[in-house]
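Please read the structure below before turning to the comments.
The values are calculated or read from the model by the stated rules, or taken from the named source; none is laboratory data. Treat the numbers as computed from the prediction; the structure is a model and nothing was measured. Cβ: placed from backbone, ideal geometry, glycine included. Neighbour counts: every protein chain shown.
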Amino acid sequence: MYPRLVTKRRIKFLEINLLPALQSMLIQLNSGVPLFDILVSISKGDYGEMSSEFSTVVREINAGKPQIDALEEIAVENPSLFFRRSIWQLVNGMKAGSDMSSVIKEIINSLSEEQILQIQKYGGQLNPLAMFYMLVAVIAPTLGMTFLIIISSFISLGETVTKIVFWSLLGFVCFFQIMFLGVIKGRRPNLLGE
């Protein structure tokens, strides 16, 4: 389980910074900056995992490996699907000799569309989760407390028993809310950022 967790965390940090890094590449390409200098700029920039991936590429290019081969290698070894697609499209554009700014524009457009789809899917998942949350964390404790107050007056439960029941109900609600926040955070799409 731990390697999967590390991989998911790495994918998340890669995909969070993927769109900003590509937008920076597009701006620099439109300004006339060579692609290698752009890779160096991103490797030294504040793009988290993207910077470390591109620093590996820059190191390999400086060691004498062709630019296309270095980019293909990080695409093959990377666990993020969106990162691999972006790098492969970039490499294919370089191999074909096409205008790199138009290639990067297309990559950004496809990632933006994917981001919109992920937001819609996330919104669809939140509706039933919100209903479940309202049922378990709001309605059930409220009705339970009302029911306990009425029952305790009829059967005359002791003060300590009543306090224990109310404190345990409070503990359950707090525990459930923390778990619910974890579920919502876990379902959040990676392309959306923090």
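Conditions (1) closer than 27 Å to Gln118 by Cβ; (2) of a type outside the set (A, V, I, L, M, F, W, C), marked per residue:
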residue: Pro3; (1), (2): yes, yes
residue: Arg10; (1), (2): yes, yes
residue: Phe36; (1), (2): no, no
residue: Gly48; (1), (2): yes, yes
residue: Glu73; (1), (2): no, yes
residue: Pro79; (1), (2): yes, yes
residue: Asn92; (1), (2): yes, yes
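For the range 21-74, residues that are among the aromatic types (Phe, Trp, Tyr) and either in a helix (DSSP H, G or I) or not assigned by TED's automatic domain parsing to the domain that holds Ile104 (or both) total 2. Within the range 8-41, being in contact with a helix residue (DSSP H, G or I) (Cβ under 8 Å, 6 or more places away or on another chain) and not aliphatic (A, V, I, L, M) holds for Arg10, Lys12, Phe13, Glu15, Asn17, Gln23, Ser24, Gln28, Asn30, Phe36, Asp37, Ser41. Scanning the range 1-20 for residues that are in a helix (DSSP H, G or I) and either closer than 20 Å to Ser110 by Cβ or touching a Leu at 6+ places or on another chain (Cβ under 7 Å) (or both) returns Ile11, Lys12, Leu14, Glu15, Ile16, Leu18, Leu19, Pro20. Restricted to the range 161-183, and to residues there that are of a type in the set (Val, Ile, Thr) and modelled with pLDDT of 85 or more, the residue that is farthest from Met134 (Cα to Cα) is Ile164.
The helices (runs of 4 or more DSSP H) found wholly in the range 83-194 and carrying at least 2 residues that are closer than 23 Å to Gln28 by Cα and in contact with a helix residue (DSSP H, G or I) (Cβ under 9 Å, 6 or more places away or on another chain) occupy 100-133.
Considering only residues in the range 61-115 that are surrounded by 12 or more Cβ atoms within 10 Å (Cβ to Cβ) and basic (Lys, Arg), the one that is farthest from the chain's Cα centre (by Cα) turns out to be Lys65.
Figure legend. Inter-residue proximity from the range 101-130: first residues more than 13 Å from Ser86 (Cα to Cα), second residues of a type in the set (D, E, K, R) and assigned to a helix (DSSP H, G or I), beta-carbon distance below 9 Å, spacing 6+ or different chains. Indicated pairs: Tyr122/Arg187; Gln125/Arg187; Leu126/Arg187; Leu129/Arg187. For Leu90, indicate whether it is farther than 28 Å from Arg188 by Cα, of a type outside the set (Phe, Trp, Tyr) and in contact (Cβ under 8 Å) with a residue 12 or more places away in the chain. Answer is no for this residue.
On the basis of being surrounded by 16 or more Cβ atoms within 10 Å (Cβ to Cβ) and at pLDDT below 85, does Gln125 make the cut? It is false that Gln125 is surrounded by 16 or more Cβ atoms within 10 Å (Cβ to Cβ) and at pLDDT below 85.
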